[in-house]
Each structure stands twice: as structure tokens, then as C-alpha cells.
Amino acid sequence: MSTEALTLNNVTVDLGRQRILDDIHLDVSPGSFTCLLGPSGCGKTTLLRAIAGFTPLSRGEIRLGRRALTHLPPEKRETAMVFQSYALWPHMSVEENLGYPLKLRGVTRTERRRKVAEMLARLELSGFEERAVTKLSGGQRQRIALGRALIIDPPLLLLDEPLSNLDAAIRRSLRSELRRLQKSLGITTIMVTHDQEEALQMADQIVLMRAGHVVQVSTPQTLYQQPADLGAARFLGVDNTVTRTPQDPMGESGAVTFGFRTRDAHLDAPPCPQALIRKGRVTECVYTGDGYHVLIDTHDAELFATSATPVAPGTFAALQVPESALIPFGPDDRHLPPLDRHEDIA
Amino acid sequence: MTMSSQAYSLPAPRKRLPRIRLGVLLVLPALTAITLLYALPLMRSLVTAFRDGSGAWTTEHVVRAFSLYGRDMLFSMGVVSASLALIAVMSIAIAGYLTLGATPWAVRVLRWLYRWPLFIPFVVTGQIARSFLATNGMMNNVLVETGLMASSSAQSFLDWRGLVLTFAWKQIPFVTLLLAGAMAAVERSHIEAARNAGASRLRCLFEIVLPQAAPTLWVGLILSMVAMLSVLSVPMMLIAGNPTMMTSMMAHRITYYGDYGIANALGLFSYALTAVTAWFYLRLTLRREAGA
């Protein structure tokens with residue numbers, strides 16, 4: 001089956017009186033990798049389940065290629081989902097788990113065996129056919145779950161936090177393996193995650209969600225450098241905000257607030273004219289492996305900065321953020337477009 | 001040094017003895033109850049099945065029990081097997097709908113309704129069945145009055161069919177209760193993964209949910225079988241002539257002839273049947289515990 005585009009129009013989901021998803025519009029191009037990113041409770045898993053057919057829509061439409069999925073039961077949608085808990089059937093062996101979707105499609109036993117062996121080879125788990133799934137490690141289960149989803153050659157792959165139950169090292173290696181596999185198959189993929197690093201590394205397109213709404217849809221680079229508003233910025237690791245003063249750079253941008261990441265604020269950088277500078281008393285200094293995180297109490301805020309050397313609490317220090325690392329926000333806390341574009345519009 | 005080592009080694013047995021005695025003391029009430037109320041009567045009835053009037057050992061009771069009541073034994077097994085089959089089918093259907101049903105109000109109504117027979121004793125169930133299944137019973141009356149059946153073709157169901165229906169009516173809720181619990185314990189994502197893979201609800205039930213809940217179904221069926229083999233009121237109320245359930249025949253042998261020998265020989269057969277199923281039951285539970 002060829003990979004297809006997914007279109008969500010006006011998608012709204014209510015649970016009792018509570019609105020879980022509110023008027024979601026989304027276009028996913030064929031063969032792309034899209035991440036639904038957001039804090040827990042933002043509705044990202046509900047959106048994925050709505051696409052798979054497990055959550056009924058109150059309003060709106062879901063289309064996969066030319067087909068309207070909205071009113072189809074889950075078993076008719078031909079979407080392949082990988083569950084957070086893997087959901088491998090414990091009463092079936094690895095081979096039976098992988099072969100079940102094929103069995104449902106009336107594929108003969110010999111053909112099933114061949115396809116399962118092929119998939120296991122692709123997952124680097126050859127010879128695992130007779131194993132009980134309950135005896136597999138977390139990483140192996142995850143791969144079998146992925147193989148079970150992919151074995152029917154689906155037009156759309158849905159991943160519900162597939163890596164969140166694994167430890168950090170396996171997660172990192174599976175991340176790139178999953179991305180490689182997705183690219184080689186060219187399958188349209190939607191993955192739910194709350195891990196911004198995972199989303200930034202894997203996605204072609206990130207959908208940032210908050211409280212049932214889509215806040216921003218953009219490439220990882222744009223999302224990271226130009227988050228739509230202060231809330232989005234904070235979720236993406238912009239942990240410092242300061243009110244702009246006349247001495248600060250980017251005066252012409254109209255910014256009211258600047259946001260910046262801790263790693264861009266330095267205590268020991270040589271003074272530079274085009275930089276934001278704040279002075280204050282050091283209240284805390286923590287070793288982080290590649291340097292020190294220093295908490296500075298300025299007049300109007302507590303700010304984090306990095307330092308190559310330890311700084312004694314109580315001493316006065318000045319942090320400096322280069323202009324390129326400043327993220328400007330307007331009076332409504334929304335991100336201000338970069339100056340060059342600003343001028344174009346003007 | 002030797003003195004001190006002796007001093008250490010000597011008190012040990014003295015300390016251990018009272019502990020054993022205390023343990024025995026704690027178990028004693030339960031042990032006595034089991035011995036006096038269960039093991040001794042069981043042994044006595046087993047022994048009586050092989051003793052004649054003068055107290056000599058004999059196999060005559062067993063031989064006579066088989067020759068006189070062989071048909072009843074087969075009848076009992078047939079009724080119990082048919083009931084178990086009906087119970088299994090119905091409880092799978094009800095529990096399956098409770099687990100996979102898509103109409104919330106229908107699931108709620110079914111959940112509320114199906115448990116009722118659990119709270120009705122066997123003797124009342126027997127009475128209800130009598131007035132429902134007799135020739136002039138409610139079932140035939142309704143069928144005749146709605147024009148679905150001619151009054152001339154009305155027949156009594158108070159035979160093996162009545163027994164099967166009554167036993168099933170009483171035991172379906174019990175097995176469903178156990179099975180629905182086991183099915184509810186199957187991870188929701190297992191069902192969703194199957195539906196996502198393309199399985200209809202029915203295939204989900206038989207290929208994903210039921211295999212995972214099957215041990216509980218077996219337990220429910222085994223316990224139902226033991227219950228059906230030990231109920232006296234229902235066969236007494238529903239069936240007038242021969243053949244009938246073994247419990248009925250045992251009661252008859254004791255009440256009218258005072259013949260404990262043959263009654264106990266009949267009991268022996270019930271023990272054998274329940275012992276086999278109890279062995280299955282234990283094997284299942286042990287295997288499940290080992291797997292958990």
C-alpha cells in the first residue's frame with residue numbers, strides 16, 4: 001500500500017461536558033514524520049486515538065488520502081498503531097503476534113511465515129519466531145510491536161510514546177533506528193511524545209499542543225528558535241524571561257519581553273556591545289558535568305546562566321546573552337517575527 | 001571455650017520445642033474441624049460403600065449401584081455436560097458483550113440484569129422452572145397465546161431439557177461474573193491493538209480476549225459442575241420418573257430403603273467425577289500462579 005497524506009479538519013472531541021480537542025486543523029504530507037508534542041493532558045494522545053478510531057469525534061473530519069476515515073470503525077481504517085505499553089498479546093508467540101494482522105487479511109500460512117521471517121530480519125531479531133513475548137526485553141518488545149504494525153504495509157503509522165518505557169541508552173539508539181526505518185519505508189508517521197528532545201531529533205514537522213489546541217505547527221528548527229508564544233517557549237526549554245530595558249539590544253523590534261535559554265547566558269564571556277546584560281547576586285551554583293549552572297538574583301527576576309568555573313554564592317556577577325540567542329515577545333506574549341521579515345511586511 | 005560452646009549449644013532444642021507446640025496449637029482448631037466434619041465422614045462413607053451388613057469387605061454395593069443406576073449415572077453426566085456447554089456459550093456471549101459492547105446503555109442494562117439469578121436459591125429456581133416449563137406452564141401459555149404454537153403441540157419440558165435449562169439459568173450468572181471480571185482484567189490496549197490490526201469485535205473476543213480469560217472460564221465451569229452434581233432440590237422438583245440425577249437416587253435409596261451401602265457407592269461415583277475436575281482445577285491454578 002502506498003503512503004498517503006493525512007488531513008484533519010475541524011476535529012473536535014468532547015468527553016462528557018469537557019472539551020478535550022478543540023477545532024484541530026492539520027495537514028500531514030505523505031511520507032513525512034510528524035510529532036505531536038505537548039505536556040501531559042494536552043490532548044495529543046486523544047488526537048492520535050481519534051485518528052486510529054478509538055475516540056469518536058464530536059465534529060470534524062479525518063481524511064487519509066482520498067478516503068474519509070471519520071465514520072469508519074478502527075478495524076477498517078488500515079492505520080497501524082504502536083501502543084505505549086506495546087500491547088503484545090501474551091498468549092501468542094512472537095511469530096503469532098507478527099502474523100496476526102496478516103491472518104486477519106487471509107494470508108496463507110506459508111506466506112505469513114515468510115513475511116514474519118523477513119520482518120524479524122529487518123528488526124534484527126531473526127530466529128525469535130517461537131519465543132514467548134513475555135520473555136522479551138523492553139527494547140525487543142518495542143521492536144516486535146513496531147514490526148506488527150508495519151507488517152501489513154500500512155499507509156499511516158501511529159506511534160503513541162513508543163520509546164517512553166525504555167531506558168535512556170536504548171531510547172537513543174531506537175530513536176535513530178526508528179527514523180531510519182521510517183525513511184527507508186517512506187511511510188507517513190505520526191508520533192506522540194512529551195519529550196521535546198525526541199521530537200526535535202526525529203520529526204520533519206512538530207505539532208505543539210496545549211489544552212486541546214494546536215499552538216504551533218512548524219519544523220523543529222523554527223519551533224526551537226521561534227516558539228509561538230511564551231508558554232510554548234517555556235515548554236521548549238526557554239527557562240529565563242526578562243523585561244526589556246532601553247539599554248537592551250533589538251530596540252526596534254518592539255519586544256516587551258525577551259526569553260533565552262540557560263546555555264546561551266554566560267557569566268565569563270568577554271563583554272560585547274550587542275548583548276543583553278543583567279547583574280545580580282549569585283544565590284546558587286550547581287555542577288552539571290560540562291560546566292556550572294548559576295542562579296542569579298537580579299532586581300526583577302531570578303535568572304539561570306552557565307559558567308565554566310564555579311562561582312561562590314553571594315558574589316556579584318553579570319550574565320551576558322548574545323543578541324542572536326534572544327527570543328523577542330510582544331505585549332501579548334506572542335513571538336515577534338524576525339526583523340528582516342518585519343521590515344518586509346512594513 | 002568448651003564450656004561456653006556447650007552453653008550456647010544446649011539451650012537451642014529447649015527453645016525450639018515450645019515453638020513447634022505453639023504452632024500445632026494454633027493449627028489445631030482448624031485441623032480438628034476439618035478432620036471431624038469433613039475427612040472422617042468422607043472416609044466413613046467411602047468405607048461403608050465397601051462393607052456389607054456384617055461388616056465384611058465387599059464390592060457388591062458398587063456392582064449393584066452400577067447395575068441399578070448405570071443409566072442414571074450416564075443421564076447425570078449427559079445433563080451436566082449439556083448444561084456446561086450451554087453455560088459456557090451463554091457466559092462467553094454475555095461477558096463478551098459486557099467487555100466489547102459498543103452501546104453503553106445496552107451494556108449497563110445487561111450488567112444490571114444478568115446477576116439476578118445469583119441471589120435465588122436452587123429450590124426457588126426449581127419451583128420457578130416447574131411453573132415455567134410444564135405443559136400448562138407460562139412458556140407454553142405465552143407461545144400459544146401469541147399464536148406462535150398450536151395448543152395441541154404444547155409439551156412438558158420437565159425432563160432432561162428442563163434440568164439443563166434450569167441448571168444453566170442458575171449457573172450462567174455465576175460463570176459470567178467470574179468471566180466478565182477476567183475479561184475486564186485483559187488490558188484494553190490488547191483489544192485495541194487487535195482492532196487496529198483489523199480484527200472485528202467477534203474475532204477480538206475469540207482470538208484475543210477469551211484465550212486470556214480461559215483459565216477463569218474453566219474454573220467457573222468446574223465449580224458449576226460440582227454444584228450441579230450436588231443439587232438435590234432441582235431434579236426432585238423437575239423430574240418424576242427415571243432416569244434422573246444421581247443425587248435424587250441417593251436420597252431415594254436412603255429415605256426409602258435406609259440403604260447406605262448403595263447410596264455411598266453412588267456417592268463414590270460423584271467423588272470420582274469431582275476429584276478429576278478438582279485435579280484439573282488445582283493444576284490450572286498452580287500453572288496460573290507459576291505464570292504470574
What residues qualify as long-range amide H neighbours of A:VAL215, i.e. H under 5 Å apart, gap of 5 or more or another chain, H built at 1.01 Å from N? A:LEU208, A:MET209, A:ARG210
Pairwise centroid distance, computed over Cα atoms, of segment B:38-87 with segment A:94-172, Å: 55 Å
Quick one: if the Förster radius is 41 Å, what FRET efficiency do A:GLU284 and A:GLN225 give, using the C-beta to C-beta distance and rounding to 0.05? 0.90
Which shape class applies to segment B:136-237: rounded if a/c is under 1.5, otherwise prolate when a/b exceeds b/c and oblate if not, where a ≥ b ≥ c are the square roots of the Cα gyration tensor eigenvalues? oblate
Does the protein assembly as shown come out rounded, prolate or oblate by the C-alpha gyration tensor, with a ≥ b ≥ c the root eigenvalues, rounded set by a/c under 1.5 and, if not, prolate when a/b is larger than b/c and oblate if not? prolate
Please tell me the relative contact order of segment A:233-345 in percent, rounded to the nearest whole number, where contacts are Cα pairs under 8 Å and at least six residues apart. 31 percent
Calculate I(q)/I(0) for segment B:67-220 by the Debye formula, one identical point scatterer on each C-alpha and no solvent, and give its log10 at q = 0.11 Å⁻¹ to two decimals. -0.57
Expressed in angstrom and rounded, the centroid-to-centroid distance over alpha carbons for segment B:122-138 and segment B:225-252 is 15 Å
With θ set to phi - 60°, apply the Karplus curve 6.51 cos²θ - 1.76 cosθ + 1.60 along segment A:300-311 and write out the HN-Hα couplings as whole Hz, x wherever there is a Gly or Pro. 9, 7, 9, 10, 9, 9, 10, 8, 7, 10, x, 10
Principal axis lengths of chain A from Cα atoms, whole Å, largest first? 74, 43, 38
The protein assembly as shown, helix-only ellipticity at 222 nm - DSSP H runs n ≥ 4, -39,500 (n - 2.57), divided by all residues, nearest 500: -15500 deg cm²/dmol
In terms of the alpha carbon gyration tensor, root eigenvalues a ≥ b ≥ c, rounded if a/c is under 1.5 and otherwise prolate when a/b exceeds b/c or oblate, segment A:52-195 is oblate
At q = 0.12, 0.16 Å⁻¹, what base-10 log of I(q)/I(0) does the Debye formula yield for segment A:233-345 when every alpha carbon is treated as an equal point scatterer in vacuo? -0.42, -0.72
Over chain B, with a Gaussian network built from C-alpha contacts below 10 Å, which listed residue (B:ALA82, B:ALA154, B:ALA39) shows the highest mean-square fluctuation? B:ALA39
Label point distance in nm, B:ALA240-A:LYS76, each placed 7 Å from Cα along Cα→Cβ: 5.6 nm
Measuring from the lowest to the highest alpha carbon on each principal axis, how far does chain B reach, largest first, in angstroms? 102, 68, 28
Radius, Kirkwood style, for segment A:14-93 when every pair of distinct Cα atoms is counted (Å): 14.4 Å
What are the ³J(HN,Hα) couplings of segment A:215-231, residue after residue, when phi is run through the Karplus curve with 6.51, -1.76, 1.60 and θ = phi - 60°? Round to Hz, x for glycine and proline. 8, 7, 10, 7, 6, x, 4, 5, 4, 6, 8, 10, x, 4, 8, 4, x
Among B:ARG115, A:ARG261, B:ARG253, A:ARG77, which comes first, second and so on when ranked by fewest other beta-carbon atoms within 10 Å? B:ARG115, A:ARG261, B:ARG253, A:ARG77
Hey, what did chain B get for relative contact order, percent, Cα under 8 Å, at least 6 apart? 26 percent
Mean shadow of segment A:163-230, computed from the convex hull of its alpha carbons, in nm²? 5.3 nm²
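Any read-out appearing in this document is the output of simple, stated calculations on the displayed coordinates, not a laboratory observation. The shown structure was predicted, so the numbers you read here are calculated from the model rather than taken from an experiment. A quick note on method: Cβ atoms are made from the backbone with ideal geometry, for glycine too, and the neighbour counts reach across all protein chains shown.
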